[in-house]
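Notes follow the structure.
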Amino acid sequence: MYADRLPVAIRQLLTDILVIIWVYAWIRAGVWVHDLVLKLGVPGQKLESAGGGIADNLADAGSKVGRVPLVGDDLTAPFTRAAEAARSLAEAGRDQQEIVGNLALVLALLLVAVPLALVLFLWLPARVKWIRRAGVAKSVRDQPAGRDLLALRALASQPLNRLTALGPDIAQAWRNGDESAVDALAALELKDLGLRPSGRRP
């Protein structure tokens, strides 16, 4: 999970901690935005409650008025129409709450999606790639053939200025099987991964 060299290991650990804090902070921000937007649905809740209560009261009053002999049916009609209007208000309140709820969810997901995408598609693949490379390098660094592979990789991938710092004839020395050249190149590749030439830890 972490390098052998202490400075690199500390940098990796701090980066991992910062990524965890980053993700947690954005999730908390998403929850906060969700809760904040949901407060816009409070008027809809009040409208639904008031409309439902008025509709129930009018329907109850209409049923009582309907018991009046001869004119009961005529008196009930206005109460029925008023109750239906109140139910329409309650339905509008429910619709408003649903719209606000959907908006809160979408905004929260959008707020969290971009930071999580950066972590999942940029940081995590790079971290996993390093873990794999370091794991393979650790498994072969104490083997003669493994050191030769590390030296070959260093020759193929390290910048020229770092290679020439080992000596102007480093490539020729490697081709000639010079052990010190192989060890120097392998050490260069391991250092690039934050690993020590031997299996010992600091």
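The values are calculated or read from the model by the stated rules, or taken from the named source; none is laboratory data. Please read all numbers here as calculations on a predicted model, not as lab measurements. For neighbour counting, all protein chains shown are included, and Cβ atoms are generated from backbone atoms with ideal geometry for every residue, glycine included.
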*asked:* One residue is enough: does segment 148-157 have a residue meeting the conditions under 20 Å from Pro7 (Cα atoms), without any contact (Cβ under 8 Å) to a residue 60 or more places away in the chain and in contact with a helix residue (DSSP H, G or I) (Cβ under 6 Å, 6 or more places away or on another chain)?
replied: no
*Could you check Leu103 against (1) surrounded by 11 or more Cβ atoms within 10 Å (Cβ to Cβ); (2) assigned to a helix (DSSP H, G or I); (3) modelled with pLDDT under 80 and say which number it fails?*
(3)
*Out of Leu18, Leu38, Leu47, sole residue that is part of a helix (DSSP H, G or I) and either of a type in the set (S, T, N, Q) or closer than 30 Å to Ser139 by Cβ (or both)*: Leu18
*Give the residue that is farthest from Asp192 (Cα to Cα), with candidates limited to residues of segment 4-31 that are over 16 Å from the mean Cα position of the chain (by Cα) and exposed (fewer than 15 other Cβ atoms within 10 Å of the Cβ).*
Leu14
_Residues being in a helix (DSSP H, G or I) and either over 38 Å from the mean Cα position of the chain (by Cα) or surrounded by fewer than 12 Cβ atoms within 10 Å (Cβ to Cβ) (or both) - total across segment 170-190_ = 13
*Within the bounds of segment 157-169, is there any residue that is under 12 Å from Ala187 (Cα atoms) and more than 38 Å from the chain's Cα centre (by Cα)?*
yes
_Just to be sure I understand the filter: pairs with C-beta atoms under 7 Å, separated by 6 or more residues or on different chains, first member in segment 1-27 and touching a residue at least 60 places away in the same chain (Cβ under 8 Å), second member assigned to a helix (DSSP H, G or I) and exposed (fewer than 11 other Cβ atoms within 10 Å of the Cβ). Which pairs pass?_
none
*Selected residue [surrounded by 16 or more Cβ atoms within 10 Å (Cβ to Cβ) and either among the small types (Gly, Ala, Ser) or modelled with pLDDT of 90 or more (or both)] from Ala113, Ala83*: Ala83
